[in-house]
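A.B. asks: Starting off with a structure, shown below.
All of the numbers you see were taken from the coordinates with simple rules; none came from a lab. Please read all numbers here as calculations on a predicted model, not as lab measurements. Positions of Cβ are generated from backbone atoms using ideal geometry, with glycine treated the same way; all protein chains shown enter the neighbour counts.
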Amino acid sequence: MISTRNLSALPNKEALKKKAKALAAIFAPDWEERYYSYNSKWGEGEECFEMRNTSGTEMHVLFLEGGCAINGFVPGCVPHSKSSLTKNLPKMFQEFIYGEPVNSIGTTFCLWTSGGHKWHIGALGQQSDHSEEVLRIFDNSVEEYISWASDYFSDVAETGDEFNVAVSKIFSGATLTDDIISNLVDVEIDWEQLEEDLKEINYPYQFD
């Protein structure tokens, strides 16, 4: 399982970006209920993926042309000092990790890559940082992906074979169509808002 103590299965930057956009494209109809979001225009030359849940766990992933950094915060963890967690953090990520909103949220784990596939971490404490609970969605298993989506969308969709096929298509980066959306949720869709959201993600779609 992916964690700060086992980075071998974490995808490289481009594969991670593709997966992050797909996660954001499996949307909740109401913005406030969205677990994952993606802003392809976070800043000049910057894109950002965000995860948040009702228990206060948050993750921000910054994508730059030259690399990627992940900041995670899990309530209840007793973190190592932030200076230790970010030991040897490249300068390109300093503003992200020490600026807002990340600085106010907090840091219980941090990892980064500045080229190629290899991921790096600073110094780790003795206690668990629970990073595996947050990073598990980046595993390459479509079954893990479907399991998460089935649970999260249980109140707005009839999960089953059609739902699983729709989620699998998005997992693989397929262009979103009316049919995929209709198999994903059973509630009324604001199609104009959905288009705006997909433009923000920069995820491909083709609606009739």
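A.B. asks: Compute the angle between helix 161-171 and the longest alpha-carbon principal axis of the chain, please, reported from 0 to 90 degrees and rounded to the nearest 10.
C.D. replies: Helix 161-171 and the main axis of the chain meet at about 50 degrees.
A.B. asks: How many Å³ per residue does the convex hull of the Cα positions in the chain occupy?
C.D. replies: In the chain, the Cα hull volume divided by residue count equals 118 Å³.
A.B. asks: Let me ask something else about it. To the nearest 10 degrees, how steep is helix 13-25 against the longest Cα principal axis of the chain, on a 0 to 90 scale?
C.D. replies: Rounded to the nearest ten degrees, it is 40.
A.B. asks: Take Thr175 and Lys87, extend 7 Å from each Cα along the Cα→Cβ direction, and tell me the distance between the two endpoints in nm.
C.D. replies: Rounded to a tenth, the inter-label distance reads 5.0 nm.
A.B. asks: What nm value, rounded to one decimal, do you get for the distance between Trp191 and Asn53 when each label is placed 7 Å out toward the C-beta?
C.D. replies: Reported label-point gap for Trp191 and Asn53 is 3.5 nm.
A.B. asks: Tell me, what ³J(HN,Hα) does each residue in the stretch 44-49 have, in order and in whole Hz, if you take phi through Karplus 6.51 cos²θ - 1.76 cosθ + 1.60 with θ = phi - 60° and put x for Gly and Pro?
C.D. replies: 5, x, 10, 10, 9, 10
A.B. asks: Take Lys18 and Ser141, extend 7 Å from each Cα along the Cα→Cβ direction, and tell me the distance between the two endpoints in nm.
C.D. replies: According to this spin-label approximation, the distance is 2.1 nm.
A.B. asks: Okay, moving on. Which log10 I(q)/I(0) values, to two decimals, does the stretch 30-137 give at q = 0.19, 0.20, 0.21 Å⁻¹ under the Debye formula with one point per Cα?
C.D. replies: Those come out to -1.00, -1.11, -1.22, one per q.
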